[in-house]
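Peer 1: Structure in structure tokens, see below.
The values are calculated or read from the model by the stated rules, or taken from the named source; none is laboratory data. Keep in mind that this is a model prediction, so the values were computed, not measured. A quick note on method: Cβ atoms are made from the backbone with ideal geometry, for glycine too, and the neighbour counts reach across all protein chains shown.
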Amino acid sequence: MTTCNKPEMLIYSINDAETIKDLWTKTYNAEGKPDWSHILPYYDNNIYFKDSIQEIRGIDEFRAMTERLSKRSKDLKMEIFRAVFQGNIIFIEWGMTISYKKNPRSVLYGSSRLTLNEEGKIAEQRDYYDLWGDIFDNIPRFGKAYRKFMKRKFG
């Protein structure tokens, strides 16, 4: 992490995998309610974000998405297994435990590819995970039926 403490300017940039690992761990382990306030300055104002269910452009939409996720989940924690930095790309492998208000606790396993711009800010984030499979696995009887269906149709 690089910061510049001039009175008129504070610059946030990422220059190693350990920094992003620390930032993400801090984000998702604040008493079960995620807090992105410390990590948002590391995102470019024109951030492009995409995952299994949404595509977002711009820091305002990204901030709104993080707030929705926090409101929807009763308890949210993330464990970072690995972070690898090469060139301007960071890959993170993670496990996210979510307790929804009415459903059982689910663990989602996934990875994120972060692309840094010239200033070392996150310009693009692409998250990869099996949302439905990981959630359905935790619903009694339904999880086995879902896996059986997936194996029969696609396996």
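Peer 1: Which residue out of 143, 133 is free of Cβ contacts under 8 Å to residues at least 24 places away in the same chain, farther than 20 Å from residue 68 by Cα and more than 19 Å from the chain's Cα centre (by Cα)?
Peer 2: Numbers: 133 fails: more than 19 Å from the chain's Cα centre (by Cα).
On inspection, the qualifying residue turns out to be 143.
Peer 1: Condition test on residue 113, is it of a type outside the set (Phe, Trp, Tyr) and without any contact (Cβ under 8 Å) to a residue 40 or more places away in the chain?
Peer 2: Values: of a type outside the set (Phe, Trp, Tyr): yes; without any contact (Cβ under 8 Å) to a residue 40 or more places away in the chain: yes.
Against the criterion (of a type outside the set (Phe, Trp, Tyr) and without any contact (Cβ under 8 Å) to a residue 40 or more places away in the chain), residue 113 qualifies.
Peer 1: Further question on the same structure: Using the structure shown, decide if residue 124 is in a loop (DSSP other than H, G, I, E, B) and either among the acidic types (Asp, Glu) or on the phi > 0 side of the Ramachandran plot (or both).
Peer 2: Values: in a loop (DSSP other than H, G, I, E, B): no; either among the acidic types (Asp, Glu) or on the phi > 0 side of the Ramachandran plot (or both): yes.
So residue 124 does not fit the description; no.
Peer 1: Looking at the range 96-116, is at least one residue of a type in the set (Phe, Trp, Tyr), within 26 Å of residue 18 (Cα to Cα) and out of contact with any helix residue (DSSP H, G or I) (no Cβ under 8 Å at 6 or more places or on another chain)? Lay out the reasoning, then the answer.
Peer 2: Going through the range 96-116, the residues of a type in the set (Phe, Trp, Tyr) turn out to be 100, 109.
Then drop every residue that is not within 26 Å of residue 18 (Cα to Cα), which leaves 109.
Checking the rest, the ones that are also out of contact with any helix residue (DSSP H, G or I) (no Cβ under 8 Å at 6 or more places or on another chain) come to none.
Checked against the condition, which is being of a type in the set (Phe, Trp, Tyr), within 26 Å of residue 18 (Cα to Cα) and out of contact with any helix residue (DSSP H, G or I) (no Cβ under 8 Å at 6 or more places or on another chain), the range 96-116 yields no hits at all.
Peer 1: Let me ask something else about it. Given the condition touching a helix residue (DSSP H, G or I) at 6+ places or on another chain (Cβ under 9 Å) and assigned to a strand (DSSP E or B), answer yes or no: does some residue in the range 57-72 qualify? Walk me through how you get there before you give the answer.
Peer 2: As a first pass, look at the range 57-72 and keep what is touching a helix residue (DSSP H, G or I) at 6+ places or on another chain (Cβ under 9 Å): 59, 62-63, 66.
From the residues that got through so far, the ones that are assigned to a strand (DSSP E or B) too are none.
No, the range 57-72 contains no residue that is touching a helix residue (DSSP H, G or I) at 6+ places or on another chain (Cβ under 9 Å) and assigned to a strand (DSSP E or B).
Peer 1: Of all residues in the range 83-142, which are modelled with pLDDT under 80, among the polar types (S, T, N, Q) and closer than 18 Å to residue 27 by Cβ?
Peer 2: Taking the range 83-142 first, the residues modelled with pLDDT under 80 are 98-106, 131-142.
Going one step further and asking which of them are among the polar types (S, T, N, Q), we end up with 99, 103, 106, 138.
99 - this is the single residue of the range 83-142 that is modelled with pLDDT under 80, among the polar types (S, T, N, Q) and closer than 18 Å to residue 27 by Cβ.
Peer 1: Please go through the range 79-90 and give me each residue that is over 17 Å from residue 43 (Cβ atoms) and in contact with a Ser or Thr (Cβ under 7 Å, 6 or more places away or on another chain), ordered by number.
Peer 2: At the first step, the residues of the range 79-90 found to be over 17 Å from residue 43 (Cβ atoms) are 79-82, 84, 86-87.
80 - this is the single residue of the range 79-90 that is over 17 Å from residue 43 (Cβ atoms) and in contact with a Ser or Thr (Cβ under 7 Å, 6 or more places away or on another chain).
Peer 1: For the range 17-25, does any single residue satisfy the condition of being touching a Leu at 6+ places or on another chain (Cβ under 9 Å), at pLDDT below 80 and either assigned to a helix (DSSP H, G or I) or surrounded by fewer than 14 Cβ atoms within 10 Å (Cβ to Cβ) (or both)?
Peer 2: Let us first name the residues in the range 17-25 that are touching a Leu at 6+ places or on another chain (Cβ under 9 Å), namely 20.
Those still in the list that are at pLDDT below 80 too: none.
No: the range 17-25 contains no residue that is touching a Leu at 6+ places or on another chain (Cβ under 9 Å), at pLDDT below 80 and either assigned to a helix (DSSP H, G or I) or surrounded by fewer than 14 Cβ atoms within 10 Å (Cβ to Cβ) (or both).
Peer 1: Please state which one of 56, 39 is modelled with pLDDT of 95 or more, crowded, with 16+ Cβ neighbours inside 10 Å and under 28 Å from residue 133 (Cβ atoms). Break it down stepwise before answering.
Peer 2: On the way: 39 fails: modelled with pLDDT of 95 or more.
Just one listed residue meets the conditions, 56.
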